[in-house]
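See structure below.
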Amino acid sequence: MWRRLRTVGAVVAAVVSLTLAGGAVAGAGPIGAPVLRAPVGGYQELVVPSGMGPIEVQVQWAARGGRSALYVLDGLRAPRDHSQWTSDTDVLRQFAGDNVTLVFPVGGHSSFYADWYRPSSTNGQVTPYKWETFLTGELPAFLARYGVSRTNNAIVGASMGGGAALTLAAHHRDQFKFAGSFSGFVNPTFPLWNEAVRAAMWDEGRFNVDDMWGPAGDPAWYRNDPTAQAELLRGLPMYVSAGNGLPGAPDVPYGFGNTVNAMTLESMAAAAAGIFRDRVASLGIPARVDIVSGTHTWPYWGQAIATARPMILDALGAH
């Protein structure tokens, strides 16, 4: 089903939306040497070398060949063959006319987009996740061959990807000029929340959280906690959003069981967003934090990135 979504849904939808917006589908270009400008508009799937092996990256090129980029991160259940942003939201259409390249890394299932200590010891993983290295080193270097800037980027994510977006921006301020978290767990060191992370990762792929950041109290937990690292975010435009856990019309297609689960998860995300809001306020760090109606479900994240869009374009100068 996901393969069909990718080849028939995501690609065709991108082609149609871009054609309507006046763009064209980008053909594969040379990557051996830098080019003067990024490709002008269109959708393309790239395969990027990394220390984890080849990583597929879905790209919608800036409408007018601009050099800025928006990295968009998936949630815990990130599929192997496409970004759920491209199949479960209309983000491609939202940004089709904007002068910013959208970058959707594919994969990262239960990774928190972090550099792990070692491969997961409980599910036969062979190569350790090194997503921070990929997103802040290998991928920007690869995209630079197409003329995409390595220093004028924004990064946002949903759920697992939300906290990761803030963390990566905190530690790589030379790369990211904006960060956004939508229903992210932005305070994983809060008492006992490490056990919630452990349970979620075990349920979603039998991953061992100790192989990611070590036991609770390990420095890696604090390094990957945006609330604990708030001082590093000073001066960075940010948008943090979460729902209040109350379902609405967008939840109807997901059924009762999924909606109950989404309500519980979003209540935790809202609590974390409130903790983050209070932390940055106490430090005098400006950040927009919205707690709105909704649950832990893709339609709400599509709405969140639409809210963030003008902020992103302002921060990158990508109008």
Inset, instruction - State whether the residues of segment 257-279 include one that is touching a residue at least 40 places away in the same chain (Cβ under 8 Å) and over 22 Å from the mean Cα position of the chain (by Cα). - result: yes
Inset, instruction - Please state which of the following conditions residue 240 fails to meet, knowing it meets all the rest: (1) in contact (Cβ under 8 Å) with a residue 24 or more places away in the chain; (2) more than 17 Å from residue 165 (Cα to Cα). - result: (2)
Inset, instruction - Could you please find all residues in segment 100-110 being open to solvent by less than 30 Å² (accessible area, probe 1.4 Å) and either in contact (Cβ under 8 Å) with a residue 60 or more places away in the chain or closer than 10 Å to residue 60 by Cα (or both)? - result: 100, 101, 102, 103, 104, 110
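Quick one: which residue in 73, 102, 139 is under 30 Å from residue 219 (Cα atoms) and under 13 Å from the mean Cα position of the chain (by Cα)? Outline the logic, then answer.
Numbers: 102 fails: under 30 Å from residue 219 (Cα atoms); 139 fails: under 13 Å from the mean Cα position of the chain (by Cα).
Criteria check complete, one pass: 73.
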Inset, instruction - Inspect all residues belonging to segment 26-43 and state whether any of them is surrounded by 17 or more Cβ atoms within 10 Å (Cβ to Cβ), modelled with pLDDT of 90 or more and in contact with a strand residue (DSSP E or B) (Cβ under 7 Å, 6 or more places away or on another chain). - result: yes
Inset, instruction - Take segment 280-319 and flag every residue that is in a helix (DSSP H, G or I), free of Cβ contacts under 8 Å to residues at least 60 places away in the same chain and not aliphatic (A, V, I, L, M). - result: 282, 303, 310
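If we scan segment 174-186, do we find a residue that is closer than 24 Å to residue 312 by Cβ and surrounded by fewer than 16 Cβ atoms within 10 Å (Cβ to Cβ)?
We begin by selecting, within segment 174-186, every residue closer than 24 Å to residue 312 by Cβ; these are 174-186.
Retained after the next criterion (residues that are surrounded by fewer than 16 Cβ atoms within 10 Å (Cβ to Cβ)): 174.
Yes.
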Legend entry - Residue tally, condition part of a helix (DSSP H, G or I), out of contact with any strand residue (DSSP E or B) (no Cβ under 7 Å at 6 or more places or on another chain) and either farther than 28 Å from residue 118 by Cα or β-branched (Val, Ile, Thr) (or both), over segment 234-267: 17
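The values are calculated or read from the model by the stated rules, or taken from the named source; none is laboratory data. Everything quoted here is computed from the prediction, not taken from an experiment. Backbone-built Cβ (ideal geometry, glycine too); neighbour counts: all protein chains shown. When the accessible area is computed, the model is the full protein with side chains, heavy atoms only, and any ligands, DNA or RNA have been set aside. Shrake-Rupley method; radii C 1.70, N 1.55, O 1.52, S 1.80 Å.
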